[in-house]
Every structure is written in C-alpha cells, then in structure tokens.
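A short write-up of the structure that comes next.
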Amino acid sequence: MADKIDMARLKSSQIGNGASTLFDTHNDLSLETRREMIALLNQQLADTFDLMSQTKQAHWNVKGPQFIALHEMFDNFAEGLEGFVDEIAERITALGGYAAGTVRMAAQASTLLDYPTDAVNGTDHVRALIERYAALAASTRRAIDRADAAGDKDTADLFTQVSRDLDKWLWFLEAHVQA
C-alpha cells in the first residue's frame, strides 16, 4: 500500500546511529505514537523536500513564452515548500525523533516520480509538476488521517496546513493547461 511507511527503506536512507535514536522528551504522546508519527513525518519530509527540489528544477529550466510567469510561480512554490520542509523536520525533532533531512536521504526515501530531464517548455514543466503535486497532496491527506487516528492533533494540523497549500498550488498549475 502506497501510504504504508517502509521502515527498512526509511532506516537505510538515514545516516549514522542518529537514524534510530529517539531522544528523551516530556511530550505526553505515547512512545508508540511518537515512533509512528516520526516515521510518517520523515516520509512526508522526504517527499516534500524532493518536490521542492523538483520545483526548483522547473524554475531553473523553464523556457518559452510564459517563461517569466512560470519562473516566478515555480520559485514561489519552492519557497513555500521549503517552509514546510522546515516545519516537518522541526515536528520530528519536537517528538524526540531524528529528522532525515539531507538531499541524499530525501532522494533515497522519496516516493515521488523522478523529474523528467526532457522537460523544457512551460507546458512540459507544468504537466510534470501537476503529477507530483497531486501525488504529494494525496499522500498528505492520508497522513492527516493517520495522525488524527493516532491522536496526534498537532501533526494532523501541520499536514492540514501543507495540504491546503498543495491544493492551491495544484489549482494554479492546472489552470495553465485547462482551456
């Protein structure tokens, strides 16, 4: 199932002994809940970081008559994703976890499709990003449900914030290809 966290893959993507470390905290969530949320958050961190880098790839390489509009839009989206990367990583550490947040860790753990290297014109980039934003939006909604079911309202709230912006950005992208 796509929304299940592959713990072995996640652990193999993390560097050093810090990967399995759970730090002491006075957070009142149960140890089991914190472990589950840390794994879920690390997966969302990997995917969000990957989407941020893919959005920057589009920003740097877009060509065509809509260049400036798309170039600026992609940059704004990447900045928004960067903020969420930071918030997700900080939530992991607030729960006593280890944020697996390097580019290499994200690349190994991401569930998103690789970015197409043949995308050049604006429409190619927009279509590639639509697919990836939609995938992250869907997994983020599943993450909201998992966090809520686990009783972690704060993590569910964080994912809800991410979901709202992903849906808005997806709408902006789709508007470029709708007639």
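Taken together, the values in this text are just the output of simple stated rules run on the coordinates, not laboratory data. Just so we're clear, the structure is a prediction, and the values are computed from it rather than from any experiment. Counting neighbours? That spans all protein chains shown, and the Cβs are built from the backbone with ideal geometry, glycine included.
Pairs of Cα atoms under 8 Å, at least six residues apart: use those to get the relative contact order of the chain, whole percent. Relative contact order, the chain: 28 percent. Computed from Cα positions, the angle between helix 122-149 and the longest principal axis of the chain comes to roughly 20 degrees. Comparing Gly83, Gly122, Gly101 in a Gaussian network model of the chain where C-alpha atoms under 10 Å apart are linked, the largest mean-square fluctuation is found at Gly83.
Helix-only arithmetic for the chain: the sum of -39500 (n - 2.57) across DSSP H runs with n ≥ 4, divided by the residue total, places the mean residue ellipticity at 222 nm at -24000 deg cm²/dmol. Taking the Cα centre of the chain as origin and assigning +1 to Lys and Arg Cβ atoms and -1 to Asp and Glu Cβ atoms, the resulting dipole is close to 380 debye. Between [x] 1.00; [y] 1.71; [z] 1.08, which matches Rg/Rh (Cα atoms, Kirkwood Rh) calculated for the structure shown? Here the calculated entry is [x]. Phi-derived couplings, Karplus 6.51 cos²θ - 1.76 cosθ + 1.60 at θ = phi - 60°, listed residue by residue for segment 39-45: 5, 5, 4, 5, 5, 5, 4 Hz, with x used for Gly and Pro.
Roughly how tilted is helix 153-175, in degrees to the nearest 10 and between 0 and 90, from the longest Cα axis of the chain? Roughly 10 degrees, rounded to the nearest 10.
Determine the relative contact order of segment 20-120: mean sequence separation of Cα pairs under 8 Å and six or more apart, normalised by residue count, in whole percent. Don't skip to the answer; put the middle values down first.
On the way: 103 pairs, mean separation 44.8, N = 101.
It comes to 44 percent, rounded to a whole number.
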